[in-house]
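Student: Dropping a structure here in structure tokens format, bear with me for questions.
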Amino acid sequence: MPDNSYPQLHFIWGGVFTDASFSTLEPGTEESYGPYHDAKTADRVWNEKARRNIDIANHRLFVISVPRPGGAKAG
């Protein structure tokens, strides 16, 4: 039986983008982390990772939340 205590999974994705439109990543710079079972943990990790590259203007990371496979939160 799947663990439905967390209705969403959270991932961090991003990297260094080619320009300020933030639509195309520079090859070889993609980053991804997760899954995380709660938004608080994902936000903490996002903050830590983003601060490491704060001097790179086109570096961006995003927290992406998706429904957990297997259904909604029990209860």
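Student: Tell me which residues, restricted to region 44-63, are without any contact (Cβ under 8 Å) to a residue 12 or more places away in the chain and more than 17 Å from A20 (Cβ to Cβ).
Tutor: If the condition is that a residue be without any contact (Cβ under 8 Å) to a residue 12 or more places away in the chain and more than 17 Å from A20 (Cβ to Cβ), then R44, N47, E48, R51, R52 are the ones that fit.
Student: If you go through region 49-64 one residue at a time, how many are surrounded by 12 or more Cβ atoms within 10 Å (Cβ to Cβ), out of contact with any Leu (no Cβ under 7 Å at 6 or more places or on another chain) and outside any strand (DSSP E or B)?
Tutor: Count: 3.
The rows are residues; the columns are (1) charged (D, E, K, R); (2) in contact (Cβ under 8 Å) with a residue 60 or more places away in the chain; (3) touching a helix residue (DSSP H, G or I) at 6+ places or on another chain (Cβ under 8 Å).
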| residue | (1), (2), (3) |
| --- | --- |
| P7 | no, yes, no |
| W13 | no, no, no |
| T18 | no, no, no |
| S23 | no, no, no |
| E26 | yes, no, no |
| E31 | yes, no, yes |
| P35 | no, no, no |
| A42 | no, no, no |
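Student: Out of (1) loosely packed, with under 12 Cβ neighbours inside 10 Å; (2) among the polar types (S, T, N, Q); (3) touching a Ser or Thr at 6+ places or on another chain (Cβ under 8 Å), the odd one out for T18 is which?
Tutor: For T18, the failing item is (1).
Student: Give the number of residues within region 23-34 that are surrounded by 14 or more Cβ atoms within 10 Å (Cβ to Cβ) and either among the aromatic types (F, W, Y) or within 23 Å of R68 (Cβ to Cβ) (or both).
Tutor: So the count comes out to 3.
Student: Which residues, taken from region 19-48, are part of a loop (DSSP other than H, G, I, E, B) and at negative phi? Reasoning before the result, please.
Tutor: In the first step, residues of region 19-48 are kept if they are part of a loop (DSSP other than H, G, I, E, B); the result is 19-24, 26-30, 37-38.
Correct list: D19, A20, S21, S23, T24, E26, P27, T29, E30, H37, D38.
Bear in mind that the values in this text are calculations on the coordinates, not laboratory data. This is a predicted model, so every value here is computed, not measured. Glycine gets a Cβ as well: all are built from the backbone with ideal geometry, and neighbour counts include every protein chain shown.
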